[in-house]
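I have placed the structure first, in the form of structure tokens, so that the comments after it can refer back to it.
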Amino acid sequence: MKNIPIGEHLIEKGLITAEQLQQVLEAQKDDKNKGKKLGDMLQQMGLVTENQFAEVLAERLNLQFCDVEKFEFDDALVKSIPEDVARKYCCIALEKKGRRLYVATDNPSDFYASEDLRGITGCSIVFKMGTRNAIMRTIGNIYSQGTTDAIVEEATKEKEEEKSLDDLVAEASNDRVDNAPIVKLATAIVENSYRMEATDIHIEPFKDFTRVRVRVNGDLVELMTISNTLHMALVTRFKITSGMNIAEKRVPQDGRMSQVVDGTVIDLRVSNLPMVYGEKVVLRILAGDTMVRKITDLGMTDYNYGRFNQMLKVPQGVILVTGPTGSGKSTTLYAALGEIAKPNLNVITVEDPVEKKIKDINQCQINDKAGMTFAAALRSILRQDPDIIMVGEMRDEETATIAIRAAITGHLVLSTIHTNDAASTVTRLVDMGVLPYMVATSLIGICAQRLAKKLCNECKTLTTTTEEDMKLMGISEPMQIYEPVGCPACNGTGYRGRTAIHEILLSTPEMQALITRGAKADEIQELAREQGCRLLRDNVSELIQRGITSMGELIRVTYAV
């Protein structure tokens, strides 16, 4: 192996160009990036993935690379290294051959780690290169197995030993008592949910027990049930960490908290609602980092990506993203902002809540109690000399009218609205009280989207389309497609992960004329199709034909109408 800098090695491999390397080296000199490694900078700027950088670094150091997430671990061997040591050195035991222990780490040149591990295990240590995030996630998954049950048992035992409820609540209220069973239970619930890639956590009180469920791939899955005697202390813990009033149990409350899981800081939005048998808590897991996904990572087809890019090139007007709650609208808006926000532009957002804090963008949080509504914030923003405005949601006539007037007067406005498809978005705005000619004049385009579950590659099975399937998919000949089965890899659901589907309507002169004369949604949809708009169902049909999703998802996400 030639002894050349890792940056030049990446260029030789064709992963980056010399110009891109120079940009990264210049960015490293910036004060805000002080101390950041080259690999971190390359990933932050989206030039290489974590795996790509680790593979090249392994080759550079003449080491083997191990894709930790695909490795089959022996739990007993992994636990031969204590959890605190594994986390300290970001390492995990892979396999043992004789007196040699093969260990994955992201820092194979750490002499102290090698010596410590040799002393603990009594083996000579052979390092393999892994990625930090994958190693920390795997450490969390393996070491946490069985610990949650032990924590629940410990907390229940304390209650059985006649520890008063006041004592349990006091434990939950004390941030310093990290080893208190209730504190450990609250932490474990969030950790396990995050590792399952859940989006929401539901803590639900019933007469004889409390149920904890998590939303994975859009479906609620039971995580655990605990004694209802622990419910109040657990709720109090979450109320304390999210800044709620623990004395108030009669009205709903909202809060926000952060927690470190496997080395990643995650933000959680917490909602508390009084129920018959106690307070129900729902935690929404938000993206806690400042990394914004690129538009190319949103799952758009090449055709839809081209149409979406076409919208972003227009300097002024309104771009709307529509879909139900939890369909990824905010992610799409953030990706669009990342594409068009430049250092010479003033970008201001008004959101409820601010789901992701983005570097170099002015973000405004709505506070209805204090009178900081969307409409009030939008009026003030227009006096802040903005170039681009992002409005979290058009909820009422006032907000919609102000946003559209802002677009007409020379601003680029991005926003969301709740409708079933792109065409009905126009009629919704008119129904809200916005004049049709204002909608037509300001509109650049509409992106309707949903999230469809992806079939598990381990267990999906082939079947043949029926007459009804062919009709729904819009095909004339029978074909082989896949359907879900269920296996341990996908927790028996048949699905693993989700992808977005899109329907993009562009505002052409013909479309503007149609909107101005007050056309209905079906007329708008018909013209949009004639002008090249592929509907949501067309998008799902394409995914089915490619073996990515199933007929069940086509019916679920497009309502089979």
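The values are calculated or read from the model by the stated rules, or taken from the named source; none is laboratory data. Owing to the predicted nature of the structure, the values given are computational and were not obtained by experimental measurement. Glycine gets a Cβ as well: all are built from the backbone with ideal geometry, and neighbour counts include every protein chain shown. Accessible surface is based on the protein model in full, side chains and every heavy atom, while ligands, DNA and RNA are left aside. Shrake-Rupley method; radii C 1.70, N 1.55, O 1.52, S 1.80 Å.
Annotation: amide H-H contacts under 5 Å for E393 (H modelled 1.01 Å from N, sequence separation of 5 or more, or interchain): T416. Taking 7 Å steps out from each Cα toward its Cβ at I246 and K471 produces label points 6.0 nm apart. The mean sequence separation of alpha-carbon pairs under 8 Å and at least six residues apart, normalised by the residue count of segment 386-460, gives a relative contact order of 31 percent. For segment 404-561, averaging the sequence separation of C-alpha pairs within contact (under 8 Å, six or more residues apart) and dividing by the residue count gives a relative contact order of 28 percent. Rolling a 1.4 angstrom probe over segment 373-457 with all protein chains present gives an accessible area of which 45% lies on carbon and sulfur atoms. With a Förster radius of 56 Å applied to the beta-carbon distance between N344 and L61, the computed FRET efficiency rounds to 0.85. Rounded if a/c is under 1.5, else prolate if a/b beats b/c, else oblate: with a ≥ b ≥ c from the C-alpha gyration tensor eigenvalues square-rooted, which is segment 313-455? Taking the square roots of the gyration eigenvalues as a ≥ b ≥ c, segment 313-455 is rounded. What is segment 7-161 by shape, rounded, prolate or oblate, if you read a ≥ b ≥ c off the alpha carbon gyration tensor as root eigenvalues and call it rounded for a/c under 1.5, prolate for a/b larger than b/c, and oblate otherwise? Note, shape of segment 7-161 comes out prolate. Charging the Cβ of each Asp and Glu at -1 and of each Lys and Arg at +1, and nothing else, the dipole of the chain about its Cα centre rounds to 640 debye.
Of the accessible area of segment 223-310, computed with a 1.4 Å probe over protein heavy atoms only, carbon and sulfur atoms account for 53 percent. In this structure, the amide hydrogen of N362, modeled 1.01 Å from its nitrogen in the peptide plane, lies closer than 5 angstrom to those of V347, T349, counting only residues at least 5 positions away or on a different chain. For segment 1-82, the C-alpha radius of gyration sits at 1.34 times the compact-globule guess of 2.2 N^0.38 Å, with N the residue count. Straight-line cross-link partners of K96 among the aspartates and glutamates, defined as a Cα under 15 Å from its Cα and at least 8 positions apart when in the same chain: E72, D74, D75.
Taken over the alpha carbons of segment 428-470 as equal point scatterers, the Debye sum produces base-10 log I(q)/I(0) values at 0.13, 0.22, 0.23 Å⁻¹ of -0.62, -0.90, -0.95. Amide H contacts of V221 (H built 1.01 Å from N, in plane; Pro and chain starts excluded): V214, R215, V216 sit under 5 Å, all sequence-distant by 5 or more or on other chains. Peptide packing: for 550-557, 514-521, 471-478, the average count of neighbouring Cβ atoms within 10 Å per residue gives the ranking 550-557, 514-521, 471-478, highest mean first.
Evaluating 6.51 cos²θ - 1.76 cosθ + 1.60 at θ = phi - 60° for every residue in segment 201-209, the Karplus couplings come out as 10, 10, 10, 10, x, 10, 4, 10, 7 Hz, glycine and proline recorded as x. Residues Y334, Y305 ordered from highest to lowest accessible area at a 1.4 Å probe: Y305, Y334.
If the chain linking T17 and E95 were pulled fully straight, counting 0.36 nm for each residue of separation and taking away their Cα-Cα distance, it would gain 24.3 nm. Under 25 Å Cα to Cα from K357, which lysines show up? Leave out anything in the same chain fewer than 8 places away. Answer for K357, where 25 Å is the Cα cut-off: K29, K32, K34, K36, K37, K239, K294, K313, K329, K342, K369, listed by chain and number. For segment 481-543, the per residue solvent-accessible surface stands at 48 Å², with DNA, RNA and ligands left out and a 1.4 Å probe.
Accessible surface calculations at 1.4 Å, restricted to protein heavy atoms, place segment 385-451 at 32 Å² per residue. Rolling a 1.4 Å probe over the protein heavy atoms gives segment 36-161 an accessible area of 53 Å² per residue.
For segment 21-75, the share of accessible area belonging to carbon and sulfur comes to 44 percent (1.4 Å probe, ligands and nucleic acids excluded).
Under 11 Å from a label point set 7 Å out along the Cα-to-Cβ vector of D360, no amide N atom of segment 373-393 is found.
The C-alpha atoms of segment 219-262 occupy a region whose extents along the principal axes are 29, 28, 20 Å, arranged from largest to smallest.
Kirkwood radius, the chain, all distinct C-alpha pairs, inverse of mean reciprocal distance: 26.8 Å. Of the DSSP beta bridges with both residues in the chain, give the percent that are antiparallel, rounding to the nearest 5. Given both bridge residues lie in the chain, the antiparallel proportion sits at roughly 65 percent. For the chain, the relative contact order is 8 percent, taking Cα pairs closer than 8 Å that sit 6 or more residues apart in sequence and dividing their mean separation by the residue count.
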